[in-house]
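Bear in mind these aren't lab numbers, they're just calculated from the coordinates by the rules spelled out. The structure displayed is predicted, hence computed values, not measured ones. All Cβ positions, even for glycine, are placed from backbone atoms using ideal geometry, and neighbour counts span all protein chains on display.
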Amino acid sequence: MPQITQIFTNSFSQIKFVINFILQAFSVNLICVNLCNLWQKKHVAIYGYTKIILPLVFIASTFSGWAQNYNVTQQRTVEHLFIKSLDTSSNFHSGIKPFANKEVNQVVSIDTLSSGLKYNVQSSLANQIFNENLVDAEKGNFKLLINPLINAGSGIEKISNRTVTLSEIAFGLSLKSAYKTKWSGEFDFLADNSQYPIHIDNLLKTQHAGQGYGYTKDQQAMYFQGNLTFTADDVFTFQAGIGKNIIGEGYRSLFLSDYANSYPYFKATATIWKLKYMALYTNFQDIRFGKGNFSDFRHKFSTIHYLSLNATKWLNIGFFESIVFQAQEGNFYRGYELSYLNPIIFLRPMEYHQGSADNALMGGSIKIKVKKKNIFYGQLLLDEFLLAEIRANRGWWANKYGYQFGVKAYDFVGINGLKIQAELNTVRPFTYSYFENPSTMNTLQNYGHYNAPLAHPLGANFNEVLGGISFHKKRWIFEAMSTYAKVGLDSSVNFSIGQNIYQPYNEREKEYGYITGGGINTTILNNSFKVSYVLNPKMQTIIQLGISNRTYQNKYGNESSNWITFGIKTALINQYFDI
């Protein structure tokens, strides 16, 4: 019970922080005192949680949007039902997620898709189970949707000579609402107490976070996301809240993925002509400090820009940049650097102009459609490099970059609903990592959050290939995926070989001789097969059977595990067991 109380306290402390973060960004302090009074006590009793949740529900239900411009799910299983129409559209920007409901409906109607899956049943109870939201209320200009969130399943894992019982137990609430054509909002809350496969369980115990959830202790974790969206017109949209964002076309992303925990953010997007531009302002946490107390976590901020251009009907190009900087340097609280609030792209020159030591990343992306349904895509991520050192081919440590190439095809060989995908990802050693002075123990300015990478789950110093095939027909979805990675793990506790982005790059052993995958050469092979039945499209409830295999091998030994799971769940977030 104390662990649950601590996790609740941390979760709602984050909600407090995001409110303060948003108010600071807009310099609006009028209601700050009233909101913050809810969090004055260090330990919040259960009755107090209601006092916190109800105002959030009230905010979401009264200031949300009748335009229903809330986020469309990023969960890949349910996404199969509509992603083809978006991915193959000539003027849809599929590389910026989550998609807004309004922009999706300009290409394909989500409501029409749901209606196409509707069962004609006589019983009102059966209609509720298979077709409708739990609460679908409309009064005047207001609309409110409420649904349960549930993950209930079990399984077994065989690893070496052991058999382990797996379980997935999580319950929560989802709320979406709308007011006229300008405002929309949503809030999802999930309390989880699950036993994952051994390699994931070990990761959670070591990192105290992972699989998209918040701080994890004794298998207990909380997930929440929520936002308030203002759709100014057909061009500008503004969103503030706690959640995740994805930049990329692939299964993985080298720019920004949904692997790490949710984070406070403010996002502004502009869509005009063939362009879509996103300015994203975030707050990330370094949870190595504080032993689980949110108030002791160290904060760092980030500004992320992404420009997407549909140059032709078959070509999309994108430009990415981000800057990560500490909230505090020594005893000086820096806060959010005002110059980085500039929504105009090109942060790197600004960083140089300030003489800044902040962590900057940049990159480019491409998407090419061949006969509309065949798509080639790629990303190039640049952290730091010298062209002369690349040409010299001496393995200089600071040549830090990554690249991705992929292909996906819809309605493959003429079979409607059949999709195939193949992808290559490579990231050089020390990419995403940063310098740290151990004597000051400042927040690490790496590209990470809650002890997890913000981009690829493997961090850096790896080569990976993956392939997947999926098929969906009506409410049935079949998915098979294989990933094969060669990762270079650290061979010494004293020196970094460049794989762990939370190990500072100044702890390296040498200047030259680094190759991708160097160190303890480790191979990781994952295979999975899932069969899902969409029980209720509007609630995103699925019944799923999963079979998986993982092989982990290096010079210190081999480990092979097989597991099978079955259960009912809300398709809310993506989880990555293939690491």
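Assorted remarks:
- Cα-based convex hull, segment 364-496, per residue volume (Å³, whole number): 164
- For segment 415-554, the fraction of alpha-carbon pairs in successive 10 Å shells from zero, as %: 11, 30, 26, 18, 11, 3, 0
- Applying both filters, DSSP loop and at most 14 other Cβ atoms within 10 Å, to the GluC sites (Glu not before Pro) of segment 444-539 gives Glu509, Glu511.
- FRET E, pair Thr312, Thr163, Förster distance 41 Å, beta-carbon r, rounded to 0.05: 0.15
- Label-to-label distance for Lys486 and Asn549 is 2.2 nm, based on points extended 7 Å past Cα in the beta-carbon direction.
- Label-to-label distance, Thr523 versus Asp218, with points set 7 angstrom from Cα along the beta-carbon direction: 4.1 nm.
- Residue list for segment 538-579, given a label point 7 angstrom along the Cα-to-Cβ vector of Arg76 and an amide N cut-off under 13 Å: 573-579
- Separation of the Leu275 and Asn463 label points, Cα + 7 Å toward Cβ, nm: 4.0
- Loop sites in segment 295-340: trypsin sites (Lys or Arg not before Pro), DSSP, at most 14 other Cβ within 10 Å: Lys313, Arg334
- Positive-end ranking of Ser482, Ser496, His456 along the dipole of segment 440-525, with charges on Cβ about the Cα centre, is headed by Ser482.
- FRET efficiency estimate (nearest 0.05) - Cβ-Cβ, Lys372 to Ser154, R0 45 angstrom: 0.60
- Prolate is the label for segment 162-201, because the ratio a/c of its alpha-carbon gyration tensor axes (a ≥ b ≥ c) is 1.5 or higher and a/b is greater than b/c.
- Each part reduced to its alpha carbon centroid, segment 267-287 and segment 145-211 end up 26 Å apart.
- FRET efficiency for the Lys180 to Asp296 pair, using the beta carbon distance and R₀ = 51 Å, is estimated at 0.75.
- Virtual paramagnetic centre 7 Å along Cα→Cβ of Asn127, amide N under 20 Å, in segment 520-541: 535-541
- This model, with +1 at the C-beta of Lys and Arg and -1 at the C-beta of Asp and Glu, gives segment 507-551 a dipole about its Cα centre of some 320 debye.
- Of Lys176/Lys373; Lys367/Lys419; Lys176/Lys276; Lys274/Lys419; Lys369/Lys486, pairs whose Cα-Cα distance is over 23 Å: Lys176/Lys373; Lys176/Lys276; Lys274/Lys419; Lys369/Lys486
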